[in-house]
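**Student:** This is the structure I have questions about; it appears just below.
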Amino acid sequence: MTWLAAVPALAAAAYYLLVLVAVVQWRRPMACMPGDGRRPSPISILKPIRGRDPEFYQAIRSHAVQDYPEFEILFGFSNPHDPAMADVARLQTEFPDLPIFTHIVPTKAPNTKVGVLAGLARHARHELLLVSDSDIRVEPGYLRTVAAPLAVPAVGLVTCLYRGVGKSWPSRAEALGIATEFVPSVLVARLLGVAEFALGSTMVFRAGDLRAIGGFEAIADYVADDYQLGARITSLGRRVEFAPVVVETDLGGESWLETWRHQLRWSRTIRVSRPSGYYGYVVTHATLWSLVAFAFGQWWAGAAALTVRMAAGIAVAGGTLRYRPIARDWWMIPLRDLFGFAVWLAGLSGTNVYWRGRRLKLHPDGRLEPAGSTVAEL
């Protein structure tokens, strides 16, 4: 009966074969809309901020230098003494002709980020709204690329993939997990027709659609605001489209404890947002199932699973994401997989998550509430 140990390894190999298929078939049909001579629609960029992320100024500056006919950037703070306000003031000085505004948005929303976004949306002048995390750095041509698909009425939200950059061993491990574990799951989900989710790295949508789903206020009680926004706009009969651009987040020099807390928060968030998908992730832990197969003498199954898993991870990281550190860190993939399995196990239970140094409680439906007297931060 030792052959049974080969079954989960072969299932994991099949999953990563799907990842390779998804890499080959990864299509962005709305990538470049045909030029029709029309001026691109103006955009309001909404940036809820709390604290200074690593490389924060470089991240916000990458938005300010975009070659786009008309856009504004609105920065929202719940704390009037936030240290990042100095960086926004510096940006205003460097780009005096660009509409850059700072708004203090007091909010009692359980998800402070979404509460701030609700306030910023009331000040936005344009119909197209762009929301992205405060630490996201973008490439030239980004605004044109992510706005183009919305020229098609059936498209309700545009999002994009992202890669991480780490300066410490823990943050390098987290960046590797994003590139070789998380993004492959996104590609497979799209391949299999699961298309109602968005990623917080970029979300572009129409203000009219936001109003139709009840505004940001309708999702202010949820931790997975990106998932909620994508699902609710999809419920209007529109679809979520991925733009052919990859943005970047700087993970800094975080510690193993910070990495563990980040990963566990994401894990528990996915569990309460998409439980069937979360439990299905058990098949994706190819390194674990390879070791099980090896332990029971099923070397061929273990070797097959590990080989396909490594190939798929390198293909996504190096090809789809252009994640250059994969040439240096590829050997860490099995070790990162085992860390990821430990996070997955921890995410099977528990309701508390840490978010920007605060402890929060998750409800089974994805809503959150303060644990004690705190509220959710960005």
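We did not get these values from a lab; they are worked out from the coordinates using the rules stated. What you see is a predicted model, and the numbers here were worked out from it, not measured in a lab. Here the Cβ positions follow ideal geometry from the backbone for every residue, glycine too, while neighbour counts run over all protein chains shown.
**Student:** Give me, ordered by chain and number, the residues 5 or more places off PHE71 or on other chains with an amide H under 5 Å from its own placed amide H.
**Tutor:** Distant-sequence amide H within range of PHE71: ILE43.
**Student:** So, one more: For all pairs of alpha-carbon atoms in the chain, what percent lies in each bin of width 20 Å, listed from the first bin to the last filled one?
**Tutor:** Reading upward from the zero bin: 28, 59, 13, 0.
**Student:** Where does the chain land at 222 nm, in deg cm²/dmol rounded to the nearest 500, when only DSSP H runs of n ≥ 4 count, each adding -39500 (n - 2.57), divided by all residues?
**Tutor:** On the way: 15 runs with 160 residues, N = 378.
Counting only the DSSP helices, I get -12500 deg cm²/dmol.
**Student:** Next up: Treat every Asp and Glu Cβ in the chain as -1 and every Lys and Arg Cβ as +1, leave all other atoms uncharged, and give the resulting dipole magnitude about the Cα centre to the nearest 20 debye.
**Tutor:** Values: 39 positive and 32 negative charges, 88 e Å.
That gives a dipole near 420 debye.
**Student:** Now for a different question. With a sphere of radius 12 Å drawn around the Cβ of LEU236, what net charge do the other residues whose Cβ falls strictly inside it have (Lys, Arg +1; Asp, Glu -1)? Each step should come with its number before you reach the end.
**Tutor:** Working: positive: ARG206, ARG211, ARG232, ARG238, ARG239; negative: GLU196, ASP209.
Once positives and negatives cancel, what remains is +3.
**Student:** Percent antiparallel among DSSP beta bridges with both residues in the chain, to the nearest 5? Don't skip to the answer; put the middle values down first.
**Tutor:** On the way: 17 of 44 bridges.
Rounded to the nearest five, the antiparallel share is 40 percent.
**Student:** Could you name the lysines in cross-link range of LYS108, using Cα to Cα under 25 Å and dropping any fewer than eight places away on the same chain?
**Tutor:** LYS108 reaches LYS47, LYS361.
**Student:** Same structure, new question: Over the chain, what is the relative contact order in whole percent, taking alpha-carbon pairs under 8 Å and six or more residues apart? Show your work: numbers first, answer last.
**Tutor:** Details: 716 pairs, mean separation 89.7, N = 378.
About 24 percent, as a whole number.
**Student:** Name the long-range amide H neighbours of VAL155: under 5 Å, sequence gap of 5 or more, or other chain; modelled H, no Pro or chain starts.
**Tutor:** Counting only residues 5 or more places away or on other chains, the set is ARG239.
**Student:** For segment 43-254, what class follows from the C-alpha gyration tensor (a ≥ b ≥ c being the square roots of its eigenvalues): rounded when a/c is under 1.5, otherwise prolate if a/b is larger than b/c, else oblate? Write down the numbers at each step before the final one.
**Tutor:** Values: a/c = 1.36, a/b = 1.08, b/c = 1.26.
Because its axes are fairly even, with a/c under 1.5, segment 43-254 counts as rounded.
**Student:** Okay, moving on. Two-decimal Rg/Rh of segment 1-159 from alpha-carbon positions, Kirkwood Rh? Please list the in-between numbers first.
**Tutor:** Working: Rg = 20.7 Å, Rh = 18.3 Å.
Reported Rg/Rh, Kirkwood definition of Rh: 1.13.
**Student:** Note down the nm distance, to one decimal, between modelled labels 7 Å out along Cα→Cβ at ALA189 and at HIS103.
**Tutor:** 2.8 nm
**Student:** Each residue of segment 207-218 in turn: what ³J(HN,Hα) in whole Hz from Karplus with 6.51, -1.76, 1.60 and θ = phi - 60°, glycine and Pro shown as x?
**Tutor:** The phi angles translate into 4, x, 5, 4, 5, 5, 9, x, x, 4, 4, 5 Hz.
**Student:** Would you please state which residues of segment 177-199 a label at TRP26 would reach in this model, taking the label point 7 Å out along Cα→Cβ and a backbone N cut-off of under 11 Å?
**Tutor:** The answer is 179-180, 183-188, whose backbone nitrogens lie closer than 11 Å to the label point.
**Student:** Also: Lys and Arg at +1, Asp and Glu at -1: add these up for the other residues within a Cβ distance under 11 Å of SER290 and post the number. Could the numbers behind the result be given before it?
**Tutor:** On the way: positive: ARG309; negative: ASP337.
So the environment of SER290 carries a net charge of 0.
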